[in-house]
Amino acid sequence: MTTTFHSRRGGRLLIVAAAVAAGAAIAVGGRAIAQQQDFEKVQMDVVQVRPNVYMIVGAGGNTTIQFGDEGVMVVDTQFPQVSAKLLAAIKSVTDAPIRYVVSTHVHGDHIGGNEAIAKAGRTRAGGNVVGDIGAAATATAGIIAHENVLKRLSMDPPAGQKPVPFGDFPTETFFGDKREFLFNGEAVQIIHEPDAHTDGDSLVFFRRSDVVATGDLFTTVMYPFIDTANGGTMNGYVKALNAILDITVASNVNEGGTMVVPGHGRLSDEQDVIEYRDMATIVRDRIREYVKRGMTLEQVKAKKPTLDFDPRYGSDTGFWTTSMFVETIYKEMVKENPPAPAKGNQRNRGTQSKGSGA
């Protein structure tokens, strides 16, 4: 198998175009699968973000690596079919051993390579610990994710779908809002954002490098995918985007500063996230107002609440269309703002109540 790399080191990073592989993923019942891809033709695009942080674009979600004297941390591992190419891309940057794999959420285009990438590494442990627990326990890198990722993967898959291989499961989960530790002399924070894209999403913040890997909490190529089957909500997604903005700091004229690696798409900065947050908030609030007016889903769609954003994010085909995006928000806003009972029903209930109390 021939692997081709396109490596960009230095230069103005914001103009790097990191396109999503064609037909990258389709989500069905919370499981992401490849859709008619020729993985043999996939080429890995290796982009330097900081001296020790790189973004790798191939098939599926973007991969982020951070490395140093202690080893390599890999955030998201794309599809299993490109694991060998992903490993070769990592080796083109550093020969340090892989110590950790971090999964930002449950979808297969982000965790499909977990087993292969973890097996290529080793867990850090002291000599006495290795003696106590056995060499086999440290023979692979640890796979870190929020506990909800493990819960979702442990469920029976929907009818007609194969279960996720056990080797892709997290080996280390965390509870609550975040897990933080030092790695390669840098504070790393894995921050859980609940009920957003799914209920198990995490963003990874490399504090000294000033880089945030967002997983699918932010993309540059599509409307937010709200995976309601796996606990996602539009309100939670907007909160997650605001949480990313709480971390990021812009440089000159709102360009540069904190670098943001999206789940899909090009390398970004704070201003890109602001534009995406504003879009998500505006569309949600438009639909919320229409729901408050008592409009039906068909009436809301006729209003075209996404019209001014469709040229950039909209799609009439694929696993996540503009129509599906609008419908998902509509249903959530209806639950948030249930229609008031008809006046006739209120009058009847009031009469019945008075009669029963007489």
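Cβ-Cβ distances below 6 Å connect the following pairs, each with a first residue in segment 214-236 that is closer than 15 Å to T104 by Cα, a second residue that is among the polar types (S, T, N, Q) and buried (at least 23 other Cβ atoms within 10 Å of the Cβ), and a separation of six or more residues or different chains: G215/T104; D227/T198; N230/T198; G231/T198; G232/T198.
Just need a number here: residues in segment 303-358 that are assigned to a helix (DSSP H, G or I), modelled with pLDDT of 85 or more and farther than 30 Å from D272 by Cβ.
2
Can you tell me which residues in segment 109-134 are modelled with pLDDT of 95 or more and either of a type in the set (D, E) or buried (at least 17 other Cβ atoms within 10 Å of the Cβ) (or both)? Within segment 109-134, D109, H110, I111, G112, G113, N114, E115, A116, I117, A118, A120, G121 meet the criteria. One residue is enough: does segment 283-291 have a residue meeting the conditions assigned to a helix (DSSP H, G or I), in contact with a Pro (Cβ under 6 Å, 6 or more places away or on another chain) and free of Cβ contacts under 8 Å to residues at least 24 places away in the same chain? Yes, segment 283-291 contains at least one residue that is assigned to a helix (DSSP H, G or I), in contact with a Pro (Cβ under 6 Å, 6 or more places away or on another chain) and free of Cβ contacts under 8 Å to residues at least 24 places away in the same chain. Candidates in segment 292-311 are the residues that are of a type in the set (D, E) and free of Cβ contacts under 8 Å to residues at least 12 places away in the same chain; of these, the one that is farthest from V334 (Cα to Cα) is D308. Considering (1) outside any helix (DSSP H, G or I); (2) at pLDDT 85 or above, the lone condition that A18 does not fulfil carries the number (2).
The values are calculated or read from the model by the stated rules, or taken from the named source; none is laboratory data. On a predicted model such as this, the values are computed, not experimentally measured, just so you know. Reconstructed Cβ throughout: ideal geometry from the backbone, glycine too, with neighbour counts over all protein chains shown.
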